[in-house]
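Worksheet for the structure shown next.
The values are calculated or read from the model by the stated rules, or taken from the named source; none is laboratory data. The model shown is predicted, which means the values in this text are computed figures rather than measured ones. When we count neighbours, we look across all protein chains shown, and the Cβ atoms used for this are built from the backbone with ideal geometry, even at glycine.
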Amino acid sequence: MQPATPKQITIDLLRHGEPEGGDVLRGRVDHCLTELGWQQMRNAITHVAGRDQKNLWTHVVTSPLQRCSAFARFIAQDLGLALREEASWQEIDYGDWDGMPLQYWREQAAPMFREFRQDMSRLVPPNGEDFISFKDRVLQAWQNLSALPDGSHVLLVTHGGVLRVILPTVLGMPLNRSQPLHIPFASFSRIRLTADSDRTYASLVFHHTIA
């Protein structure tokens, strides 16, 4: 009996563009996009997909937070695709830190992040979501994508923190030492999954193709 041919799934990862609200820490704070943020995301997909968007993606998946979901809804409607909003793709819940000005937050969080660089379990935002729980929910959602049909091409609109789980996992980097990865607003990356009955393999095709 011939072994089953592994299926291939392509996943395009798009971080949201610039949100309203200024230079603050955003976890579950639900700011909408600025006009610049919309343009950043339009530019990102146009740069990658050109005019062939209608023949590229088969699924559009998004975090429910509006800095992701508003643009994802626009794209899904334009392509005539159902939109999948999934809470698993939300940013980490920063609890009491959420919405803090970044300069102040860096001062408050610095001791915990020093510990985090040695031990991932040490990142526990006060009244928020600990990093280990965040990592586990993101990686479970990531694994679920491998159940899609062969040939699927997903546009996943999500957050910087989520990408700092997925990309280092694919690259074999320590998740608590991912700072060298540049993941700006509207960063666009592509990963190809090859799934057989026993295992799913992932390879990074490209990362953040526009400056």
Q) What number of residues within the stretch 37-55 satisfy the criterion of being free of Cβ contacts under 8 Å to residues at least 24 places away in the same chain, within 15 Å of His153 (Cβ to Cβ) and not aliphatic (A, V, I, L, M)? A) 3
(Q) Among the listed residues Val170, Val165, Val157, identify the single one that is surrounded by 13 or more Cβ atoms within 10 Å (Cβ to Cβ) and either touching a Cys at 6+ places or on another chain (Cβ under 7 Å) or assigned to a strand (DSSP E or B) (or both). (A) Val157
Q: Of the numbered conditions (1) under 19 Å from the mean Cα position of the chain (by Cα); (2) free of Cβ contacts under 8 Å to residues at least 40 places away in the same chain; (3) over 27 Å from Ile191 (Cβ atoms), Ala110 fails exactly one; give the number of that condition.
A: (1)
Q) Which ones in the stretch 91-122 are aliphatic (A, V, I, L, M) and over 25 Å from Leu14 (Cβ atoms)? A) Met100, Ala109, Ala110, Met112, Met120
Q: Filter the stretch 172-182 down to residues that are closer than 17 Å to Val138 by Cα and under 15 Å from the mean Cα position of the chain (by Cα), then give me how many there are.
A: 2
Q: Kindly indicate which of Asp93, Asp130 is in contact with a helix residue (DSSP H, G or I) (Cβ under 9 Å, 6 or more places away or on another chain), over 21 Å from Ile183 (Cβ atoms), of a type in the set (Asp, Glu) and surrounded by 15 or more Cβ atoms within 10 Å (Cβ to Cβ).
A: Asp130
Q: Scan the stretch 123-140 and give yes if some residue there is modelled with pLDDT of 95 or more, touching a Ser or Thr at 6+ places or on another chain (Cβ under 9 Å) and under 25 Å from Gln40 (Cβ atoms), otherwise no.
A: yes
Q: Test Trp97 against the stated conditions and say whether it is closer than 18 Å to Val138 by Cα and either without any contact (Cβ under 8 Å) to a residue 40 or more places away in the chain or of a type outside the set (S, T, N, Q) (or both).
A: no
Q: Check Thr34, Thr58 and return the single one that is touching a strand residue (DSSP E or B) at 6+ places or on another chain (Cβ under 9 Å), touching a residue at least 60 places away in the same chain (Cβ under 8 Å), hydroxyl-bearing (Ser, Thr, Tyr) and closer than 18 Å to Thr158 by Cα.
A: Thr58
Q) Since His59 meets every condition but one in (1) touching an Asp or Glu at 6+ places or on another chain (Cβ under 9 Å); (2) surrounded by fewer than 21 Cβ atoms within 10 Å (Cβ to Cβ); (3) not polar (S, T, N, Q), which condition does it not meet? A) (1)
**Q.** Residue list for the stretch 130-154, restricted to those being in contact (Cβ under 8 Å) with a residue 40 or more places away in the chain and in a loop (DSSP other than H, G, I, E, B)
**A.** Leu148, Pro149, Asp150, Gly151, Ser152
Q. How many of the residues in the stretch 173-200 are in a strand (DSSP E or B) and over 21 Å from Ser88 (Cα atoms)?
A. 2
**Q.** Evaluation of Phe71 against (1) touching a helix residue (DSSP H, G or I) at 6+ places or on another chain (Cβ under 9 Å); (2) free of Cβ contacts under 8 Å to residues at least 60 places away in the same chain; (3) farther than 27 Å from Val124 by Cβ; (4) not β-branched (Val, Ile, Thr) (one fails), failing number
**A.** (2)
